[in-house]
1. What are the residues in region 75-88 that are surrounded by 13 or more Cβ atoms within 10 Å (Cβ to Cβ) and either under 17 Å from ASN33 (Cα atoms) or free of Cβ contacts under 8 Å to residues at least 40 places away in the same chain (or both), if any?
2. Among the candidates VAL22, VAL57, VAL36, VAL72, single out the residue that is touching a residue at least 12 places away in the same chain (Cβ under 8 Å), of a type in the set (Val, Ile, Thr) and in contact with a Ser or Thr (Cβ under 6 Å, 6 or more places away or on another chain).
3. If I go through region 31-43 residue by residue, how many of them are of a type in the set (A, V, I, L, M) and either over 19 Å from ARG113 (Cβ atoms) or in contact with a Cys (Cβ under 8 Å, 6 or more places away or on another chain) (or both)?
4. Does VAL45 count as assigned to a loop (DSSP other than H, G, I, E, B), of a type in the set (Val, Ile, Thr) and surrounded by 14 or more Cβ atoms within 10 Å (Cβ to Cβ)?
5. Restrict the check to region 52-73 and report whether at least one residue is on the phi > 0 side of the Ramachandran plot, over 18 Å from the mean Cα position of the chain (by Cα) and surrounded by 18 or more Cβ atoms within 10 Å (Cβ to Cβ).
Amino acid sequence: MAVIEKFLGQPVEIPEDRQYYVKQGLWAKLDANEMVFGFTEPALVLAGGVNDLDWLVSAEVSVKQGQDVVFVITGKILYIDTPLTGTIFFNPELKQNLSLALKDPYGKGWLFRIKPDGDLKKSSQSALDAKGYVESLKSSDGFKNPEGLKGGVSGICKAVYSGIRDQKI
């Protein structure tokens, strides 16, 4: 298990037994003949958690790689697309208890499962291992702001917050 001790002010874990899709902030793990997907802990920290989510397709239907399948409200609005083509199954427990995403992101907090149509190895070529995922995070705000300082660390954020502080209302 890879651990980043300070990522936006808190420790985050990245299990080494999974693959990672950086663009979506998803982990993937093979389970029998299906691939299970969920949010990574760093992605959840950067997003500020999950406030609401909805499925954009019905369960047990065929989806294509790149198709939007989940609508998520965090601090932002996200559309999650599927990295694989196949039949999709959703986690109904997560929709009823959104806190599972934060409490158990690599277990009960999974988002969806896909039973792939084709060759699983070919369709997961864009995924990274844990080491590659950690490397990809080094350019993120979580690494740039390890203490979790309010207002971020970018020059623009600092200028905006400084300007607001100097205003007389």
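Bear in mind that the values in this text are calculations on the coordinates, not laboratory data. Here the structure is a predicted model, which is why all the values come from computation and not from measurement. Because the Cβ atoms are built from the backbone with ideal geometry, glycine has one as well, and the counts that use them run over all protein chains shown.
1. Correct list: LEU78, THR82, PRO83, LEU84, THR85, GLY86, THR87, ILE88.
2. On inspection, the qualifying residue turns out to be VAL22.
3. 0
4. Judged against the criteria, VAL45 is not a match.
5. No, the conditions are met nowhere in region 52-73.
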